[in-house]
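Engineer: Below is one structure. I have some questions about it.
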Amino acid sequence: MLRKTAGWALLASALTCSGARADSATDFYHAKPNMRMIVSSTPGGGYDMMGRLAARYFSKYLPGEPSIVVQNMPGGGGITATNYLYAVAPKDGTVLGHIDRGMATTALLYGSHTQAQFKAIEFNWLGSISREVGVGLVSKNSKARTLDDMRKTEIAIGTNGPETDSAMYARLSNQLLGTKFKVVFGYPGQVEYYLALSRGEVDGIFMTGWSGPNRLTAMKDIEGGSVGFFVQMASSRHPDAPDTPTMRELVTDEKDLQILDILLSRLDLGRPFVTPPGTPPDRVALLRKAFDAAAADPDLRAEAEKIGIRVDPISGADAQAMIAKLYLTPEDVRARMQGIVQIGK
């Protein structure tokens, strides 16, 4: 009898522990931990606005609705924040990251030359509120305003960091389209390098966050004639620029098209959200569920529309799978891609 009682006690204990484990993520967030969202850009830009919007709705769909404090950590076009999230930030589900999409493939593209101290495939990807297309913009005061002119005349392209999408597409254009862009680094974010374009400090920029709020400012300038499109980074022409060719239309070599398609595919990552490696899987699952619910929230969508953000979400599972697939790129293709886009090429 004693043995049977002990057996029931052990079974009850096991079931209790199992229930506690099953509820641990829910209990953790119900306790209202101090949560932060690290945004890898300066205040006021598309990443910042989207991060702050998402933070409010993330909280709404987490147990206990814990508050999420947004903290900007610009530097290196997103590398400073991403390095921090990988190596320093707590790995307990209290810290979220909203990082430049270029960070997903920086090691893939720049190899041993990268400043990244992280492995992108080890992050827990939560998803993105929007997918992206990119556009090349040029000032009306530039010495070269068309691609034909840009093949003959060097002009300055402003960007925030050497391993960002905006810098990479400028170098890609030099290699595949024969342009003569001089890439100028040092601007903290897209807001600042767009202002540099407006002030005449640079001749052009590659804006790879066309779904964000800076699009509204750019469209006003385009309609006013002070800025114009010269190319698109997309698989098909965007309705805002029906007469502007895509890079894919202009590249004819099949091997180059293969590389271009890989680089264009990462625009689907949009403006991604992550948690650090080592975050407990049950908390990651709960955060992904909260993210999906937030992205579908009609109030978030209405608010996003008011500030000029287009909602076209990608889930965390899809983002994770996309990044894993990119890192399966064959070595010969990877080497050619690095030769095309690396700094100094």
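The numbers here are math on the coordinates, done by the rules we state, and not lab data. In this text, all values refer to a predicted model and were calculated from it rather than measured experimentally. Here the Cβ is made from the backbone with ideal geometry for all residues, glycine too, and neighbour counts use every protein chain on show.
Engineer: Taking amide hydrogens as modeled 1.01 Å from N in the peptide plane, which residues meet the under 5 Å criterion relative to Thr246, leaving out close sequence neighbours?
Structural biologist: Placed amide hydrogens put Gln232 under 5 Å from Thr246.
Engineer: For helix 2-22, report the angle its Cα long axis makes with the longest principal axis of the Cα atoms of the chain; keep it between 0 and 90° and round to the nearest 10°.
Structural biologist: That works out to roughly 20 degrees.
Engineer: Peptides 296-309, 83-96: what's the order by average Cβ count within 10 Å, highest mean first?
Structural biologist: So the peptides 296-309, 83-96, ranked by packing, come out 83-96, 296-309.
Engineer: Only one of the listed values, [x] 146; [y] 228; [z] 308, was derived from the coordinates as volume of the Cα convex hull per residue in Å³; which label is it?
Structural biologist: Label of the calculated value: [x].
Engineer: In addition: Where does region 157-263 land on Rg/Rh, using Cα atoms and the Kirkwood Rh?
Structural biologist: Over the Cα atoms of region 157-263, Rg/Rh equals 0.95.
Engineer: How far, in nm, would the chain grow between Ala87 and Tyr327 when pulled straight, counting 0.36 nm per residue and subtracting the alpha carbon separation?
Structural biologist: 84.3 nm
Engineer: Can you run phi through the Karplus equation (6.51, -1.76, 1.60; θ = phi - 60°) for region 31-46 and list ³J(HN,Hα) in whole Hz, with x for Gly and Pro?
Structural biologist: 6, 6, x, 6, 10, 10, 10, 8, 9, 7, 10, 6, x, x, x, x
Engineer: Just want to confirm a number: the relative contact order over region 134-266, from Cα pairs under 8 angstrom separated by 6+ residues, in percent.
Structural biologist: So the answer I get is 31 percent.
Engineer: At 7 Å along the Cα-to-beta-carbon direction for both Ala285 and Ser112, put a label point, then send me their distance in nm to one decimal.
Structural biologist: Distance between label points: 4.2 nm.
Engineer: Something else now. Taking R0 as 30 Å, what FRET efficiency do you get between Ser226 and Ala302 from their Cβ-Cβ distance, rounded to the nearest 0.05?
Structural biologist: 0.45
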